[in-house]
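Participant: Sharing a structure with you now.
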Amino acid sequence: MAEREDGAELRLKYSRAVNLSEVESKRDPENEPYRSKYAARELLKEMKAGQRAPADEERGADGLWLQRLGVLELQLGLNHAETEELSAGEEHLAKCVRLLEAFKLCPETVSVFIQAENQLGILWAGLEEMEKAKTYLEDAEALYNQYTKEIGTPPWDTHEHFLAEEDRLSEQERQKRFEKVYTHTLYYLAQVYKHLDMIEKAAWYCHTTLQRQLQFTHYNPVEWAINAATLSQYYITEKRYMEGRLCLAASNVIFNQAGAVSSESAAEESEEERDRRDQLQQKKAEIARCWIKYCLNLLQDSRKLLENDIGDLDWDRQEELKSQLKKEEEEKEQGRKSAVLFGSSDTFDLIQSVEEKVSCTYAADFTRARAVFLVGQGYVQDAKEFFQLDDHVTDHIEVVQDHSSLFKALAFFEENLERRCKMHKRRVDMLSAVYTELNPQYYLLVCRQLQFEMGDTFYEMMELKVSIANQLDELDSHNVKKINLLAQAAIAHYTLFLDSLRDSERKFPATLESDVLRPALVAKFRVGWLHGKVITSDPQQQLDNLQLSLDCYSFVADYCAGHPEAATAMEPELELCVEMAALLPTRMAAMRTKMAAFNE
């Protein structure tokens, strides 16, 4: 039987509406950004107005009529949402769901129904109504699972309702598009679960989304790589380094599919090419920063497993960890097979070759720690290529601080105290190089961080020099000078940090803000301790140093007595402060008596 004329007209109008919405709209002028969308809307409204309920003798076609109406409501809902008319968008999408409720398990409409629920989920999430968004998206997920289990036939694509029969899609293409719709469901669910602080669930959905995007080749390489690198940071915080490394290795491999960063000279590049090059360089640097965090966290977590109560390497724990790691390594590699892996036959080997460049197990000794450190240091150089001090001050300094932290983490594993001291010297050099370039007026918080960190580094170097000196038969003038210089440098940087907290009248705050509470009190405590470590043969100088120590210890003890939250924050150091504040006056009185007797 020949098709009715209005069918051809409907198909033409629908095709024009889709073209206006998806193609022409990208070329709309800035002063009329929704011109094509509005034109598409008018066509969709005309089509909807022309959809008449079938006559009694055509009741068999009732389902087809409602299904087409559902598609038009979906398209109108999308159109309104895309032009920021959310309440109208919600109205059309909800109507689509109501119209198709009875047909939601039909091959012709299941995909349309899931898309409507996806869009309602996005819409409510955009309005911060996360529970509503979750309900729609979980319904869409459940429908996909039910349809796949009970029906299984590759369902129609949305646009097929307005295509001639000979133009309809193959079953393979239908299935591919249906899987893409479901991947979107999982992607949006990951975002909603993240907003609801259901972090573990969010990570699983994100991981599954990434895997499906690779499986069905629906992804933008740069976007995919950034999402995988971001997911790695969740796994790292959960100490799941195998999964974190997998995400980062896959991120590298997929990012390379975007093509090489242009090496043309700036003069030969068009503005568009230059923007693309800058964007690729930035994304590459962001992935490098995620790798740095991986290496840094792996070393820091390794240290936590190996250190004793005073922060030194515990030999017994080291031996235990070595034997434990040997046993776990085989089990972990077997466990990989049951984990959600990334890639296809094309990318799996490439991903694995990147993974093999760095361990995902804890470092039990210097050799293993150094191997992780070198990988991290390589990515520091990659990150600094883009995040340069001139254009990206804060990012550049954060990368330098991470580099410093990598050296600090590696130093813990170094048994030779002189070599360990040199590692801390490298930290001081790199931190002071950026610090001297900053104006504290504009970068106060960053300057504070660097002042405190340099104070800490000089403090650690001084402690190491004291340990080295204690191994000598006799303390020579060279070592005395070195210890004193390091102590004074630490005091100077801690004092700069403390002075930065003073107000315009140079008064120290009566109550410290929570973000600087512990750092400020630790700095005071350390300054007190350092003054007591300065070596001098001058009794008056000794007495002056002890007075400075007493002032610092008393300040911390008194502040904590008046601020319970400070006492909690300073629990490890407070006991010593109170003890020293009580002992030092007696010791100083004895020194004064001795000095007086000597001068008589």
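Participant: Restricting the stretch 46-82 to residues that are of a type in the set (S, T, N, Q) and either touching a strand residue (DSSP E or B) at 6+ places or on another chain (Cβ under 8 Å) or modelled with pLDDT of 95 or more (or both), which is farthest from Lys104 (Cα to Cα)?
Facilitator: If we filter the stretch 46-82 for residues that are of a type in the set (S, T, N, Q), which is where we start, we get 51, 67, 75, 79.
Within this subset, residues satisfying the condition of being either touching a strand residue (DSSP E or B) at 6+ places or on another chain (Cβ under 8 Å) or modelled with pLDDT of 95 or more (or both) are 75, 79.
Working: Gln75: 17, Asn79: 22 Å.
For the stretch 46-82, the residue satisfying everything is Asn79.
Participant: Could we say that Tyr379 is open to solvent by less than 60 Å² (accessible area, probe 1.4 Å), of a type in the set (Phe, Trp, Tyr), farther than 20 Å from Leu321 by Cβ and out of contact with any Gly (no Cβ under 9 Å at 6 or more places or on another chain) here?
Facilitator: yes
Participant: Got a number for residues in the stretch 161-214 being over 36 Å from the mean Cα position of the chain (by Cα) and surrounded by fewer than 19 Cβ atoms within 10 Å (Cβ to Cβ)?
Facilitator: 10
Participant: Determine whether Val399 is out of contact with any strand residue (DSSP E or B) (no Cβ under 9 Å at 6 or more places or on another chain), open to solvent by less than 80 Å² (accessible area, probe 1.4 Å) and at pLDDT 95 or above. Steps first, please.
Facilitator: Working: out of contact with any strand residue (DSSP E or B) (no Cβ under 9 Å at 6 or more places or on another chain): yes; open to solvent by less than 80 Å² (accessible area, probe 1.4 Å): yes; at pLDDT 95 or above: yes.
Against the criterion (out of contact with any strand residue (DSSP E or B) (no Cβ under 9 Å at 6 or more places or on another chain), open to solvent by less than 80 Å² (accessible area, probe 1.4 Å) and at pLDDT 95 or above), Val399 qualifies.
To keep it simple, each residue is scored yes or no on (1) within 22 Å of Gln279 (Cβ to Cβ); (2) not in a helix (DSSP H, G or I).
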| site | (1), (2) |
| --- | --- |
| Tyr205 | no, no |
| Thr208 | no, no |
| Tyr219 | yes, yes |
| Ser232 | yes, no |
| Ile236 | no, no |
| Leu246 | no, no |
| Ala250 | yes, no |
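Participant: Taking Ala102 and the conditions (1) open to solvent by 20 Å² or more (accessible area, probe 1.4 Å); (2) under 27 Å from the mean Cα position of the chain (by Cα), which numbered condition does it fall short on, given that it satisfies the others?
Facilitator: (2)
Participant: Go through the stretch 141-156 and count every residue that is open to solvent by 20 Å² or more (accessible area, probe 1.4 Å) and part of a loop (DSSP other than H, G, I, E, B).
Facilitator: Final tally of qualifying residues: 5.
Matching residues to (1) of a type in the set (S, T, N, Q); (2) open to solvent by less than 20 Å² (accessible area, probe 1.4 Å); (3) modelled with pLDDT of 95 or more:
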residue	(1), (2), (3)
Asn220	yes, no, no
Ile226	no, no, yes
Ala229	no, yes, yes
Ser232	yes, yes, yes
Ile236	no, yes, yes
Tyr241	no, yes, no
Leu246	no, yes, no
Ile254	no, yes, no
Gln257	yes, no, no
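Participant: Being at pLDDT 75 or above and not basic (Lys, Arg) is the requirement here; does Ala288 meet it? Give the derivation first.
Facilitator: Details: at pLDDT 75 or above: yes; not basic (Lys, Arg): yes.
Yes: the conditions hold for Ala288.
Participant: Check the stretch 122-136 and report whether any residue there is in contact with a Ser or Thr (Cβ under 8 Å, 6 or more places away or on another chain) and outside any loop (DSSP other than H, G, I, E, B). Full working, then the answer.
Facilitator: Kept after step one, since they are in contact with a Ser or Thr (Cβ under 8 Å, 6 or more places away or on another chain), are these residues of the stretch 122-136: none.
Taking every residue of the stretch 122-136 in turn, none turns out to be in contact with a Ser or Thr (Cβ under 8 Å, 6 or more places away or on another chain) and outside any loop (DSSP other than H, G, I, E, B).
The values are calculated or read from the model by the stated rules, or taken from the named source; none is laboratory data. The structure presented is a predicted model; accordingly, all values stated were derived computationally and were not measured. Positions of Cβ are generated from backbone atoms using ideal geometry, with glycine treated the same way; all protein chains shown enter the neighbour counts. Surface areas here come from the heavy atoms of the whole protein model, side chains and all, with no ligands, DNA or RNA. Shrake-Rupley method; radii C 1.70, N 1.55, O 1.52, S 1.80 Å.
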